[in-house]
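The structure under discussion appears below in the form of structure tokens.
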């Protein structure tokens, strides 16, 4: 199973990203990324990490899983560490950013999927 824990539902992915996910781990399942309160402290982060660790384990019970984890950095870092301890691989998506600048100063950015990269902890 490829568990997509991000703010980007797999239904909106490019064909290339979808195929890359399926090649890594088969069926794609979405788990929306939590709204992390920016004023929350470390104990707050630990509590939502515990909550989402339980969700990941429940959704993937009895299956091999790779977790695509993209979002708020302290939550992501803490959850990757916890999943790593359990032997659950985690990946990030990499993209190329293409920006168009308009004469009025507006900028429009487009992101093109490149690959999934493993989080590697020493």
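Quick notes
- Filtered residues of segment 58-70 (kept if touching a helix residue (DSSP H, G or I) at 6+ places or on another chain (Cβ under 9 Å) and closer than 20 Å to residue 35 by Cα): 67, 68, 69, 70
- Filter result for the condition that a residue is in a helix (DSSP H, G or I) and farther than 21 Å from residue 8 by Cβ, over 57, 121: 57
- Any hit, segment 36-55, residues being in contact (Cβ under 8 Å) with a residue 60 or more places away in the chain and crowded, with 16+ Cβ neighbours inside 10 Å: no
- With respect to the conditions (1) under 15 Å from the mean Cα position of the chain (by Cα); (2) part of a loop (DSSP other than H, G, I, E, B); (3) surrounded by 11 or more Cβ atoms within 10 Å (Cβ to Cβ), residue 29 falls short on a single one, namely (2).
- Residue within segment 90-101 that is surrounded by 11 or more Cβ atoms within 10 Å (Cβ to Cβ), touching a helix residue (DSSP H, G or I) at 6+ places or on another chain (Cβ under 6 Å), without any contact (Cβ under 8 Å) to a residue 40 or more places away in the chain and assigned to a helix (DSSP H, G or I) present: no
No lab work stands behind these numbers, since they all come straight from the coordinates. Source: prediction; values computed, not measured. Cβ sites come from the backbone with ideal geometry, for glycine too, and all protein chains shown count toward neighbours.
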